[in-house]
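Here is the structure we will look at, set down as structure tokens.
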Amino acid sequence: MPSVARERFAQLVRQAEDALDLAEAALLIAQEEQPDLDIAAYLRRLDQLAAAVQERLPGSPTPTEVLHHLNVQLFEIEGLQGNQQEYYDPRNSFLNEVLDRKKGIPITLSVIYLEVGRRLGLPLVGVGFPGHFLVKYQGPEGEIILDPFFGGTTLSHAQLAQKLQTLYGTQHTSLPQLPKLLAPATKKDILARMLRNLKQIYWQQSDLPRTLGAIDRILLILPDDAPEVRDRGVVHQRLGHFHAALQDFRRYLQLAPDAHDATAVRAAINRMTAQLN
């Protein structure tokens, strides 16, 4: 039986982009593991953060002034910061924990930045930059790339290119694609990336039930994501859910019949089918 949090999450991610409440959906990710979490209270916290910024703004502020005061409120007064010491703590992926503990990872800090900025009328979008989620202001004055993990600092294209070189080397094919890598992420992209982070953490911890829960929610967002369907089949298989594993593996082959691992998946199907007969 799906939890109340799971059912509400499913309702939200079926909505159109403009109607989807990113903050509520992000909090529902946490509520699945913390059933008593008061989502309304944390939404009010975001309202209060925006109100605190608004109180300190001059009359007719420029976007640059709003961004400055937003950074001051979130990172100096509120004390939010990147959790570099315990980066893979799953609590860094729960928006309520980030607001309470003042520590998070790039994507959760970016969600807070986006949601407070939205309440202030700032045209901000998330950016699914490789290995490090960012925020982009895109207004009449041009675009500004911001890094909430490091206090809302502004990044130039040269600095972003250097990040790619550090990650992938100077000859990697992604380097000429920098503008494409700075394309806006949808709210569903953001939620799926949050859940993939959790999936990876729980997989590394050998926590198969929670890994399964993360994949289930990714597939509520992206039902035809072939690698996630395959990975859920693997988790089901390891949990001994052979009928569910077979269903996922067969669906994977329908979605990706020419996948590089198609032969291995067919062999797994044959082995499980023989076990069940």
Under the rule of at least 5 residues apart or a separate chain, name every residue whose amide H is placed under 5 Å from the amide H of residue 185.
126, 127, 128
Per GNM of the chain with C-alpha springs under 10 angstrom, the most fluctuating residue out of 129, 242, 75 is 242
Neighbour counts of other C-beta atoms within 10 Å: give me 221, 269 arranged from fewest to most.
269, 221
Point-to-point label distance, residue 271-residue 87, nm (Cα→Cβ direction, 7 Å offset):
3.3 nm
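Roughly what % antiparallel, to the nearest 5, for the DSSP beta bridges in the chain?
Numbers: 14 of 16 bridges.
The antiparallel fraction comes to roughly 90 percent.
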Mean separation of Cα contacts under 8 Å (6+ apart) over length of the range 106-265, as relative contact order %
14 percent
Proxy reagent accessibility, fewest Cβ within 10 Å first, across 194, 272
272, 194
Highest-MSF residue in the chain out of 77, 144, 215 [GNM, Cα springs under 10 Å]:
77
Comparing 33, 141, 17 in a Gaussian network model of the chain (Cα, 10 Å), the one with the largest mean-square fluctuation is 141
If you stretched the chain out fully between residue 258 and residue 56, how much longer would it get, using 0.36 nm times the residue separation minus the C-alpha to C-alpha distance?
66.9 nm
If the cut-off is a Cα-Cα distance under 21 Å, which lysines reach residue 163, setting aside same-chain residues fewer than 8 apart in sequence?
136, 180
Could you give each residue of the range 34-43 its phi-based ³J(HN,Hα) in whole Hz, using Karplus coefficients 6.51, -1.76, 1.60 with θ = phi - 60°, and x for Gly or Pro?
10, x, 8, 4, 8, 4, 4, 5, 6, 5
Please give the helix 262-276 orientation as an angle from the longest Cα principal axis of the chain, in degrees from 0 to 90, rounded to the nearest 10.
60 degrees
Tilt, helix 157-168 to longest principal axis of the chain (alpha-carbon atoms), in degrees rounded to tens, equals 30 degrees
To make sure I understand the rule: partners must be aspartates and glutamates, Cα under 15 Å from the Cα of residue 102, and not fewer than 8 residues away in the same chain. Which ones qualify?
76, 78, 86, 89
Mind giving me the nanometre distance, one decimal, between the label points for residue 159 and residue 208, set 7 Å out from Cα along Cα→Cβ?
4.5 nm
Taking Cα pairs closer than 8 Å and at least 6 residues apart, the relative contact order of the chain in percent is 13 percent
Okay, helix-only estimate at 222 nm for the chain: each DSSP H run of n ≥ 4 adds -39500 (n - 2.57), divide by all residues, round to 500 deg cm²/dmol; what do you get?
-18000 deg cm²/dmol
Would you list, by chain and number, the lysines whose Cα falls below 17 Å from the Cα of residue 199, excluding same-chain residues fewer than 8 positions away?
188
Looking at 46, 121, 268, which one has the Cα that reaches farthest to the positive end of the dipole of the chain (charges on Cβ: Lys, Arg +1; Asp, Glu -1)?
268
Mind ordering 40-51, 246-257 by average Cβ neighbours within 10 Å, highest first?
246-257, 40-51
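Among 241, 69, 157, 260, which comes first, second and so on when ranked by fewest other beta-carbon atoms within 10 Å? Could the numbers behind the result be given before it?
Numbers: 241 17, 69 20, 157 12, 260 7.
Ordered by Cβ neighbours within 10 Å, fewest first: 260, 157, 241, 69.
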Span from the the range 104-170 Cα centroid across to the the range 200-277 one, whole angstrom:
33 Å
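Coordinate-derived values only; no laboratory data. Fair warning: this is a prediction, and the values are worked out from it, not measured in the lab. Cβ sites come from the backbone with ideal geometry, for glycine too, and all protein chains shown count toward neighbours.
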